[in-house]
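Heads up, the thing below is written out as structure tokens.
The values are calculated or read from the model by the stated rules, or taken from the named source; none is laboratory data. This is a predicted model, so every value here is computed, not measured. Here the Cβ positions follow ideal geometry from the backbone for every residue, glycine too, while neighbour counts run over all protein chains shown. The accessibility values were calculated without ligands, DNA or RNA, using every heavy atom of the protein model including side chains. Shrake-Rupley method; radii C 1.70, N 1.55, O 1.52, S 1.80 Å.
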Amino acid sequence: MEVSRRKAPPRPPRPAALLPLLAYLLALAAPGRGADEPVWRSQQAIGAIAVSREDGVFVASGSCLDQLDYSLEHRLSRLYRDQAGNCSEPVPLTPPARPRPGSSFSKLLLPYREGAAGLEGLLLTGWTFDRGACEVRPLGNLSRSSLRNGTEVVSCHPQGSTAGVVYYANDTQSWYLAVAATYVLPESETASRCNPAASDRETAIALKDTGKRSLATKETGRLKLRDGGSSLHFVDAFLWNGSVYFPYYPYNYSRGAATGWPSMARIAKSSEMLLFQGQAALHCGRGQPDGRRLLLSSSLVEALDVWAGVFSAATGEDQEKRSPTTTALCLFRMSEIQARTKICRWDFEIDNNENNCKNGDEPERVEPIASSTLIHSDLTSVYGTVVMNRTVLFLGTGDGQLLKVILGENLASNCPEVIYEIKEETPVFYKLVPHPKKNIYIYLTAGKEVRRIRVANCGKHKSCWECLAATDPHCGWCHSLQRCTFKEDCEHLNNSENWLDILSGAKKCPQIHLFRSSKDKTTVTVVGSFSPRHSECVVKNVDTGRMLCKGKSVHNETCTCNIPTRTAYKDVLIVNVTFSFGSWRVSKRFNFTNCSSLRECAGCIRTGCAWCKSERKCIHPFTACDPSDYKRNQDLCPVAFQKWTPPKTAGGGRFKENMSNRTTWGLQVFSVKSIEPQKISTLGKSNVTVTGANFTEASNITMILKGTSTCDKDVIQVSHVLNSTHMQFSLPSSRKEMKDVCIQFDGGDCASVGSLSYIALPHCSLIYPATTWISGGQNITIMGRNFDVIDNLIFSQEVKGNVSEYCMANYCRFLAPSLKSSKGPTNVTVKLRVQETALDCGSLQYLDDPRFTGYRAESEVDTELEVKIQKENDNFNISKEDIEITLFYGKNKSLNCSFENITRNQDLTTIFCKIKHITAANSIATSSKKVHVKLGNLKLSVERESVLSPWYFLIGLPILLVFVIFVAVGVTRHKSKELSRKQSQQLELLESELRKEIRDGFAELQMDKLDVVDSFGTVPFLDYKHFALRTFFPESGGFTHIFTEDMHNRDASDKNESLIALDALICNKSFLVTVIHTLEKQKNFSVKDRCLFASFLTIALQTKLVYLTSILEVLTRDLMEQCSNMQPKLMLRRTESVVEKLLTNWMSVCLSGFLRETVGEPFYLLVTTLNQKINKGPVDVITCKALYTLNEDWLLWQVPEFSTVALTVTFEKIPENESADVCRNISVNVLDCDTIGQAKEKIFQAFLSKNGSPYGLQLNEIGLELQVGTRHKELLDIDSSSVILEDGITKLNTIGHYEISNGSTIKVFKKIANFTSDVEYTEDHCHLILPDSEAFQDVQGKRHRGKHKFKVKEMYLTKLLSTKVAIHSVLEKLFRSIWSLPNSRAPFAIKYFFDFLDAQAENKKITDPDVVHIWKTNSLPLRFWVNILKNPQFVFDIKKTPHIDGCLSVIAQAFMDAFSLTEQQLGKEAPTNKLLYAKDIPTYKEEVKSYYKAIRDLPPLSSSEMEEFLTQESKKHENEFNEEVALTEIYKYIIKYFDEVRFSITFFKKTDTDQPPEFGYKASCRSQDGSGIPQGQKGRPGSLS
């Protein structure tokens, strides 16, 4: 039912069916909205887009860079600097809905070097992060890390601007970036975001060499802002005629206003030195009195040497100043811009000798091409190109439209065509990008979306004449398809005559002519551009189907068909003429029914009838006439074959415009004041009201609507003059835009009445609440957009009374109407009426009215009364505005109760209200009788809940007490007996379990053997770089990535001069030792800082190991001096100094080869065997605890009974693994208590063992499927069948859960898409260890139905021993590989350092052998081997689980106990971790002593041997690390404590007079006698210092 809108004025009569017809025609002509346009959606607002010629589309949004293919299918995503995280994480600030060009987090996106011979394409990206950083990445593969990066390249402010272009300089054969940016903004709130260097603060334009590592800029490569000048907002950068141009406008970021005219800056396309060539102002102010000072978008039409720009006047923060003339498209000739540029100190700082202007000179403004200017209310972007010698411009608008403008031969703009509309009306991004390979597509960006749009709607043209007359160069007529298409869509393109384009002209379209050629015959022929060969023509009588004539082409002439004049043919009223040309045909129907009624020659001949000249009448073509009239009757009416043009709109013609709202005609003064409404939908509006004065005095009143400047104006006659001050117009449909409105009285001046906006039809997004009650009256809100153009609401069922709605732009509010008749739940459809069109808006569900059960009135204080009203639970969302509550008490007294809240429990809903500021609240509560509730239109009386008298309680209480006592005694006795019975059963069960577990443990120790796999494939060693970094930075993962970039392509000349100086300085031994000692004395130089400094120093001296070793000696001797005064046995025990961490790193470097060649294989075998043993029994996937372990803390003692299940596994053939040699059917043993994820891991391991190679997919990329006959069921850890325990915890599915038995077939398949990574289970999940509430419940399994399972941890300690036995042989092999001497020679580093320690003990006269033993133990096993044993991931490319870490800790403890000199006194209460290897330790100790003695007995190393070893190791590690990064970090520490370091060096110079020259820049590690050993120190045993 239709309901009226509130305060709607009475509607006058209007022409019937006019607006629905217009709406239908508009719908036919509407542009496409995405039928087949691919769309890609980003997680955040898009800040930049670029297209590569070969590698797809690149989109930057937030901190993310995405690569798409040309169909917008996603390929790759990369975060800035390859940081961890994902693209959905929000960036700190959200850009505005209409950002200025370049105002975003992503500043540059420039593909370059594409197609260069022998070079790969590159992509330069600029970001606000890290003070305006840039990255250079390989264009074809974003997955590779950045090749170069630099900071302070682009603007670091999201609202600041950046524009740039990359070009090739022939003189240096390098690629340069010319970049203009707003480096400094005046806003105080942005000052803290970034702080550019002083050299960049005044920079406006800079040249950067993209081949340099940090994209450095020389001082001569900068153009600075004029002192005291405004900030400049740069919009674009492009190359033309050997120069780089930067369109920009001066902008005050504090006030948000332009301070000058848009301009164009020009610099030379040069290298190294920036040459400023001047600037010119741009004027695009036609139709805007204050001019347009903002530049929104830029596009160079290179083929035409024309630049196009979208200019805008100020619109205010909320667009309140927007008018039909706010924006304009202006075109400028580049030659004129180049000629007008002047080198003056207007916006940029230049030398005085270059200044060509006098003080007070203003920039000369370049005028646009007048015929091309297009004025529009809301343009946002432009892209121009030339197609078939026609200039085509694409324009984006602020309401989501893509317009197309085709310029004429004199570059005159036509009326834009809307080729696409975004449904959500998102403003179009300032940059439109064409498809690089297919000119039929353009990429449209808006908000978070990119769309690929066809550049023309060719299909809307239904005839050849209409297609070619539109002069759209993208469209043409395809003969074979008989429709208007793109050339690429036309079949048989190899036949050029199959396609007609606009160059052919509409006159070349095939046209069938039927005329009387003589007295005896009528001729049918066809004219136009096509091949006449093999053509056939047929004429048929439509009524009878009889063929009147048929012909074929002869001698390459067009087929002609002659119909003889016969008396019988005069009854033929309709004929169909068909011409066939091989694969296509053209036909036309002629109707002779009304020939005699036609009075004009042209109309007569156009319909196929014959014009009889002598009688001046139109006759049937087969009817005879005077023979003399047959000769030239086709020449009589040449206009018959011309295009017919419709007459002009009534009321049109010339008119005068006047900006005043008053107009004088004769002596009568007319005035107009306002127009209402000021927004209407694109369907038009039938009752637009204009107010003013003296309307009844005018005889002819017209309204003139003027929108886009190049489009025709609408002239509308007044519909009704209501009185002298009000009149109404019926406005036609139109496309979305803002139009100027003026009123013309009796042909006089046109009086302006303001602007009128055509906006899109309303769209609903939400109805809230969506459920109401039948009686109605609830407040309902509809959310959406464009609601200010609706006429009223329509409901699908009859309602009682009228409904008044209150609508704003984004919402409508109304009271839900009550239904006249309803039975049970009813859905009522809500529609919006706009003119005669009803738009669906969703549905409103009506349910039965709420039911109230009673109320209670309570009072805690005497001035306030609380009322709680109970009602049955329902689905209504009741708000404060929906409900009124009145309490009645005493003798018809009442009080209003203020609504507070609503609470809902399992049974009832309580409405809570309060009555405040009263007296005698208790009395009112006692005397209250009822509550009146008004819920919308529903009015109810609620009675008070009944309360029993206190006397009933006094009588019943003693009886109740006696009854409770008897019941309690009976229950207690029963419970006591039941408890005794259960305790007896539990003790029996516990005893049985203990016996069973002890027997099983004993049997397992005696019988169980683990099949150790001797062949485990290739050991997955890490390369040296990653091994070293994980050892140097075990807890600082953030440092590793900055050392791992490819160093082979480094430019040696690009090294920072200050770093070169620091490199030389740290090679001065005295300086370096002094710096280290000074830093260690600082209180805030933490242990972490000491370790990091030692690691940075190791990397910086990685290629100078001889020098590093001498530093290590000096620092170790200094440490001995410190320890000798206290406890010498504590030396090197903890990592509390730089030298201790330095020693760990030195051992890692020198022993990396020994570790890989000798220890690596047994170590990997130990980890593999330990994993194998752990997985042989149950492992709880949540806690990682297992039945088989070495560590009591990781023992799964709550183990359930389990059994082994043998599965037959079939692997699906995948592209990643198509080898014919691969075995795809294997047998795998799993446990029935394994989760599906654990089963996957065992299946993958079995595949690897069987085939020697992995399957080719990750675990999260595959699924398991149980095959039972023809049924297939996917196996998941969590699905709908998962067991949910009492407290809401979900138990993970296992093999036993799916009841999988021995021999079952499991299929491994590749998931289609959207697979997630490893699931992180939370405390809401459990596997084998059940929560406390479930631990002692009855077990419902088949074996123990009705019994309780008890577990005691000590029952399973034998599993530790079982695990130890399983790996014992492998462990002993590992230990002996560590303390072995291959070929009776110790590794050089160990021999050298042990001899060094022996020598130092001798020098210090230390006679206690235990001291030297402890020094050796602390330096090698403790500082190196334990670190390796506990962290296999340092050596191998494997993942260490927390359980493996716990087991390796026990092994590492046993390893260190073997080196201890103290005898262990262990009792029965000792930790199991100590007891486990107690019997083995004495044997190991003897072997260690022999190992130390064997090393001591070996002949000492000569200096040359050690030097040669260190030199070879240094050469191995050249170009492994980015040493500049390490030097930079060392530099930071020195700068932090610069004063202390300088004081120490100065003090050292004064006190140490023996070595004053040591602090010179001659580094001792460089002044080595050709060999790297310092002079005067060769030949000294045990020392390289």
Exercise for the section: Sort out for me the Cα centre separation of region 1489-1544 from region 1059-1092, rounded to whole Å. Expected result: 14
Completion exercise
In nm, the gap between the two label points placed 7 Å beyond Cα toward Cβ at residue 218 and residue 1489 is 7.3
Exercise for the section: Straight distance only, please: which lysines reach the Cα of residue 448 with their own Cα at less than 19 Å, same-chain residues fewer than 8 apart left out? Expected result: 107, 423, 431
Problem - FRET efficiency, 1/(1 + (r/R0)^6) with R0 60 Å, evaluated for residue 370 and residue 568 via beta carbons - result: 0.40
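Pop the C-beta distance of residue 886 and residue 811 into the FRET formula with R0 = 51 Å and round what comes out to the nearest 0.05. The partial results should precede the final answer.
Numbers: r = 31 Å, r/R0 = 0.60.
E(calc), rounded to 0.05, equals 0.95.
Please compute the length gained on full extension between residue 914 and residue 1478, using 0.36 nm multiplied by the number of residues separating them and subtracting their Cα-Cα distance. Please report the intermediate quantities before stating the final value.
Working: separation 564, 0.36 × 564 = 203.04 nm, distance 7.59 nm.
Stretched fully, the residue 914-residue 1478 segment lengthens by 195.5 nm.
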Handout entry: Computed magnitude of the charge dipole of region 1084-1239 (debye, nearest 20; Cβ of K, R +1, Cβ of D, E -1)
Key = 580
Fill in the blank from the handout: Scalar couplings 3J(HN,Hα) for region 446-452 by Karplus 6.51 cos²θ - 1.76 cosθ + 1.60 (θ = phi - 60°), nearest whole Hz, x for Gly and Pro, are 7, x, 9, 10, 10, 10, 9
Handout entry: Exposure rank, largest accessible area first [485, 926; 1.4 Å]
Key = 926, 485
Exercise for the section: Pairs to check: 673/880; 1176/1430; 1404/1532; 404/831; 437/713; 1141/1359. Give those whose C-alpha atoms are more than 30 Å from each other in this structure. Expected result: 673/880; 1404/1532; 404/831; 437/713; 1141/1359
Fill in the blank from the handout: For residue 204, the residues 5 or more places away or on another chain with a placed amide H closer than 5 Å to its own amide H are 223, 224, 225
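What FRET efficiency would be calculated for the residue pair residue 717, residue 798, taking the C-beta separation as r and a Förster radius of 30 Å, to the nearest 0.05? It would help to have the intermediate numbers written out before the result.
Details: r = 39 Å, r/R0 = 1.29.
Efficiency, from the Cβ-Cβ distance: 0.20.
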Completion exercise
Rounded to the nearest 10 Å², the 1.4 Å probe accessible area of residue 1415 is 10
Fill in the blank from the handout: Those GluC sites (Glu not before Pro) from region 1132-1168 that are DSSP loop and have at most 16 other Cβ neighbours within 10 Å turn out to be 1136
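Provide the packing ranking of 510-517, 552-559, i.e. peptides ordered by the mean count of other C-beta atoms within 10 Å per residue, highest first. Kindly include the intermediate steps, with their values, before the conclusion.
Values: 510-517: 19.8, 552-559: 13.6.
Per-residue mean Cβ counts within 10 Å order the peptides as 510-517, 552-559.
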Practice task
State, to one decimal in nm, how far the label point of residue 973 lies from the label point of residue 555, with both points 7 Å from Cα in the Cβ direction.
Solution key: 13.4
Completion exercise
Two pseudo-spin positions, 7 Å from Cα along C-beta at residue 693 and at residue 614, lie apart in nanometres by 7.2
Handout entry: With DNA, RNA and ligands ignored, accessible area of residue 1480 (1.4 Å probe; Å², nearest 10)
Key = 30
Completion exercise
PRE zone check, label point 7 Å out along Cα-to-Cβ of residue 531, amide N under 15 Å, scope region 546-583, hits 553-559, 580-583
Fill in the blank from the handout: Under a 1.4 Å probe, counting only protein heavy atoms, residue 220 has an accessible area in Å², nearest 10, of 70
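For region 181-313, with only Lys/Arg (+1) and Asp/Glu (-1) charged at the beta-carbon, what is the dipole magnitude about the Cα centre, in debye rounded to 20? Show your work: numbers first, answer last.
Numbers: 15 positive and 12 negative charges, 19 e Å.
I would put it at about 100 debye.
With every protein chain kept in the model, how would you rank 1146, 1194 by accessible area, 1.4 Å probe, largest at the top?
Working: 1146 5, 1194 60 Å².
Largest to smallest exposure gives the sequence 1194, 1146.
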Problem - Those lysines that a straight Cα-Cα span of less than 20 Å connects to residue 975, excepting residues fewer than 8 apart in one chain - result: 1347
Problem - Sequence ranges 440-447, 1266-1273, 145-152, ranked by mean other-Cβ count within 10 angstrom, highest first - result: 440-447, 145-152, 1266-1273
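Give me the number: length gained by fully extending residue 79 to residue 1227, i.e. 0.36 nm times residue separation minus the C-alpha to C-alpha distance, one decimal in nm.
On the way: separation 1148, 0.36 × 1148 = 413.28 nm, distance 4.27 nm.
Contour length minus Cα-Cα distance gives 409.0 nm.
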Exercise for the section: Measure out, as a whole number of angstrom, how far apart the alpha-carbon centroids of region 860-912 and region 329-366 sit. Expected result: 76
Handout entry: Reachable aspartates and glutamates from residue 1439, criterion Cα separation under 19 angstrom, eight or more residues apart if same chain
Key = 1023, 1035, 1161, 1180, 1241, 1261, 1318, 1320
Handout entry: Difference of contour (0.36 nm per residue) and Cα-Cα distance, residue 415 to residue 946
Key = 183.3 nm
Practice task
For 804, 518, write out the residues from largest to smallest accessible area, computed with a 1.4 angstrom probe and no ligands counted.
Solution key: 804, 518
